[in-house]
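Trainee: Below: one structure in structure tokens.
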Amino acid sequence: MTQPAHAERAHALLSASGSSRWLNCTPSARLEEEFPDVETSYAREGTLAHEIAELKLRKYYTDSTMTKAEFNKLLKPLKENELYQLEMDKHTDSYLEFVKELTLGMKQTPFVAIEKRLDFSSYVPEGFGTGDCIIISGQSMYVIDLKYGKGVAVSAENNPQMKLYALGAMNAYGMLYDIQSIYSVVVQPRLSDDASIDVISKEDLLTWGEEVKRIADKAFKGEGEFVPGDHCKFCKAKAKCRARADQYTALDDFGRKEPELLDDKEIGAVLEKAQGLDNWIKSVKEYALKETLKGNEIPGWKAVNGRGSRSYVDIDKAFEYLQSQGIDGALLYERVPLTPPKLEKELSKKQFKELMEDTGYVVKSEGKPTLAPEGDRRKAISNVPDVSEDFK
Ligand code: SF4
């Protein structure tokens, strides 16, 4: 893949979507420039879902004269995309429904902008992004972002990407409307029927913007310390970054500690350091495989063929042949009931809840005890009997 043109790279350098990274690790954006852009199929799938969602929102809000035939004509090439799946229609419908419900509940006629370019360059050098949907009603502005991924749940709470979009939206509409409260809304229909919403006052948002300026200037120049953390997950340098490697190789320190056995405090510290270790090793392995396949040497390692699997060349013909040879057709197929998650995917979340959960046909059992960091939202459990229950 070729490098993007310089201007393009400069514009993309401090992106809103990458802000949790460059805000925490200021030199990361310049370091990432050394790596090519790789567009994953997930990203292309997300883009397609956004195009479908945009069309639906436009038809409802801004191009209400669009006929059904015109709408279908525009939708057709999107549906012909190899990444299109039926569920994309369902999820973009849920997104439209959410936005509709929001605006229908508004006392004052809302202003709606779809796929709006948002310029926040007065805070972040060359910073801009695209807001999926901006709604203004009275003194409130809603900055809505559709997330089509389902791998990571995205919260709107204190989300820097959303706040940068909000700054861009204030820049676009702050002079035209008396906006006092800004709502960040993340809609992730493949994960939840509910949106994640956070609200910030105009003053607090602008103060945050001023704080960001100093960090963004540093990030634009590639200055500051490398700071590894959760934000490394989508960094292009994640496999080769020394700071990230040091975070894990520093586990060796524990081997030098006295006495011979670690105490529980040290065990906690090992687990703390080891968080994200799997992810790091995975990214290093992916990098090394790519390099060895390119013919580059990674000392001590080589690329080999993985274990292959058998597959039918033509399943219909194969089964026809088997039956012609006296094999009972019933032997060739298995009828497996859908698991609850698969059934939920086939029905809607709402329908699944009504027909299966509310009726008691599907119940949720507790999972096996597992270790989680202290900040995890789940309640801590223990096998020690709760004596307070006896007194009750
Ligand atoms: S991998 Fe992490 S520490 Fe290294 S540059 Fe990227 S964000 Fe910074």
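None of the figures in this text is laboratory data; all of them are computed from the coordinates on show. Note that the structure is predicted; figures quoted are calculated from it, not measured. Here the Cβ positions follow ideal geometry from the backbone for every residue, glycine too, while neighbour counts run over all protein chains shown.
Trainee: Measuring from label point to label point, each 7 Å out along Cα→Cβ, what is the E357 to Q325 span in nm?
Mentor: 4.8
Trainee: Loop only by DSSP, 12 or fewer other Cβ within 10 Å of the Cβ. Give me the GluC sites (Glu not before Pro) in the stretch 51-132 that pass, ordered by residue number. Walk me through the numbers on the way to the answer.
Mentor: On the way: sites: E51, E54, E70, E80, E82, E87, E97, E101, E115, E126; in loops: E80, E82, E126.
When the GluC sites (Glu not before Pro) of the stretch 51-132 are filtered for loop state and at most 12 Cβ neighbours within 10 Å, E80, E82 remain.
Trainee: Taking the Cα centre of the chain as origin and charging only Cβ (+1 Lys, Arg; -1 Asp, Glu), how large is the dipole, in debye to the nearest 20?
Mentor: Value, rounded to 20: 800 debye.
Trainee: Report ³J(HN,Hα) in whole Hz for each residue of the stretch 212-222, in order, from the Karplus equation J = 6.51 cos²θ - 1.76 cosθ + 1.60 where θ = phi - 60°; Gly and Pro get x.
Mentor: 5, 3, 5, 5, 5, 4, 4, 4, 5, 7, x
Trainee: Which percent, nearest 5, of DSSP beta bridges in the stretch 6-221 are antiparallel?
Mentor: Roughly 75 percent of the beta bridges in the stretch 6-221 run antiparallel, per DSSP.
Trainee: If we count every other residue with Cβ under 14 angstrom of I197's Cβ, Lys/Arg +1 and Asp/Glu -1, where does the sum land?
Mentor: -4
Trainee: Another question about this same structure. So which of K56/K76; K73/K147; K90/K353; K79/K349; K100/K163 end up more than 21 Å apart by C-alpha?
Mentor: With Cα atoms farther than 21 Å apart: K73/K147; K79/K349; K100/K163.
Trainee: In the stretch 90-139, what trypsin sites (Lys or Arg not before Pro) fall in a loop by DSSP, with at most 16 other Cβ atoms inside 10 Å?
Mentor: K107
Trainee: Grab the Cα-Cα distance for S155 and D217, subtract it from 0.36 nm times how many residues apart they are, and report the gain in nm with one decimal.
Mentor: Numbers: separation 62, 0.36 × 62 = 22.32 nm, distance 2.62 nm.
Gain on stretching S155 to D217: 19.7 nm.
Trainee: How far apart, in nanometres, would the label points at D386 and Y333 be if each is projected 7 angstrom from Cα along the Cα-to-Cβ direction?
Mentor: 5.0
Trainee: Mind running the shape call on the chain? Use the C-alpha gyration tensor, a ≥ b ≥ c as the square roots of the eigenvalues: rounded below 1.5 for a/c, prolate if a/b tops b/c, oblate otherwise.
Mentor: Details: a/c = 1.31, a/b = 1.05, b/c = 1.25.
Verdict is rounded for the chain.
Trainee: Could you check what % of the DSSP bridge pairs in the chain are antiparallel, to the nearest 5?
Mentor: 75
Trainee: Here is a follow-up. Just check the stretch 6-221 against the gyration tensor rule for me: Cα atoms, a ≥ b ≥ c as the square roots of the eigenvalues, rounded for a/c under 1.5, and otherwise prolate or oblate depending on whether a/b exceeds b/c.
Mentor: In terms of gyration-tensor shape, oblate.
Trainee: Tell me the net charge near V227. Cut-off is 15 Å between Cβ atoms, V227 excluded, with +1 for each Lys or Arg and -1 for each Asp or Glu.
Mentor: Taking every Cβ under 15 Å from that of V227, the sum is +3.
Trainee: Calculate, for R377 and I267, the FRET efficiency according to 1/(1 + (r/R0)^6) with r their C-beta to C-beta distance and R0 30 Å; round to the nearest 0.05.
Mentor: On the way: r = 23 Å, r/R0 = 0.76.
Taking R0 as 30 Å, the efficiency between R377 and I267 is 0.85.
Trainee: Would you list L48, L31 from fewest to most Cβ contacts within 10 Å? Each step should come with its number before you reach the end.
Mentor: Details: L48 20, L31 17.
Lowest count first: L31, L48.
Trainee: Can you give the local net charge around E210? Use residues other than it whose beta-carbon is closer than 14 angstrom to its beta-carbon, Lys and Arg +1, Asp and Glu -1.
Mentor: 0
Trainee: With a/c under 1.5 counting as rounded, go ahead and sort the stretch 87-161 into rounded, prolate or oblate using the C-alpha gyration tensor (a ≥ b ≥ c being the square roots of the eigenvalues; past the cut-off, prolate if a/b is larger than b/c, else oblate).
Mentor: oblate
Trainee: In what order do V99, V362, V384 fall by count of nearby beta-carbon atoms within 10 Å, going from fewest to most?
Mentor: Fewest-to-most Cβ neighbours within 10 Å comes out as V384, V362, V99.
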